[in-house]
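To start, the structure under review is shown below, and the notes come after it.
Nothing in this text is a laboratory measurement; each read-out follows from the coordinates by a stated rule. Note that the coordinates shown come from a computational prediction; the quantities given were computed from them, not determined experimentally. Cβ coordinates were reconstructed from backbone atoms using ideal geometry, including for glycine residues, and neighbour counts include every protein chain displayed.
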Amino acid sequence: MNNADKSRRDFLAKTTGLAGISWLGLNAPLLMAAAGAAAEQRDANTGWVHISPAEAAILAALVDQVIPPDKTPGAAEIGVVYFIDQALGGFMADAAEMLKQGIAELDDSAREAHPRKQGFADLSFKKQTLLLQPIDTTPFFNTMIFLTHCGMFAMPSWGGNRQKVGWKLIGFDDRHAWQPPFGYYDAQAENDLGE
C-alpha cells in the first residue's frame, strides 16, 4: 500500500465517529429516501433536480477532493453528486442555501485567483486543494465531507457507491448473511463460557 492510499484510509477512519453514526441512525428514513431517488436519477441519466449543471461540475471536483480517484474511481465517478443533488431537496434542504452559497463563493475565489480559468472545476487538482485549505474547517466544507461520505459508502442502490467501490475501499465484506465463526473474539468467548 502506498502512502497516498494509507493517508486516504487514515482520513476516512478519522472522519467517521459516534456523532455521525448517531445522526445516521436517527435520520435513516430520510437518508434512504434521498438515496433511492438518487439511484433512479443516476440510472435514468436524467438532469439535475436541485442543482444546476454548473453547480454539479463544481460539486464533482469538490467531492473528488474529499475522495480522489487513484487506483479506484473518485467520489464523483461513483455517483456522489447524484446523491447530494437529492439530499439538497430532501434531508439536507435546510442546508441547501448555505451549500449553494459556499459553492458559488468557491467558484468566485477560483476565478479571482486564476483569471484565465473558468472556475473551480477548471483548475488542476493541486490548485483546487490550495483553494480549499483556508476553508477546510468551515461548516460548508464539513457538510460537503459528510455528504460525500454518505454518498460514497451508502448502499449502491441509493445512488452513490457505484459498483460497491466505496465498500471495497474500506474493506467492507458485502454478504447477505455471515456464518460463524465471525472472528477470533468469538472463539475466545466460547472458551470463556466452557470453563
Handout entry: Gain on full stretching of the segment that runs from E112 to A96 - 0.36 nm per residue minus C-alpha separation
Key = 3.3 nm
Completion exercise
Cβ density ranking, 10 Å radius, fewest first, applied to V165, V66 yields V165, V66
Practice task
Starting from the Cα-Cα distance between A104 and H50, subtract it from 0.36 nm times their residue separation and give me the gain in nm to one decimal.
Solution key: 18.0 nm
Problem - Order by protection proxy (mean Cβ within 10 Å, highest first), peptides 124-136, 91-103 - result: 91-103, 124-136
Practice task
Sort the following peptides by mean Cβ neighbour count (other Cβ atoms within 10 Å, averaged over residues), highest first: 67-79, 108-120, 142-154.
Solution key: 142-154, 67-79, 108-120
Exercise for the section: Sort L123, L106 so that the residue with the fewest other Cβ atoms within 10 Å of its own Cβ comes first and the one with the most comes last. Expected result: L123, L106
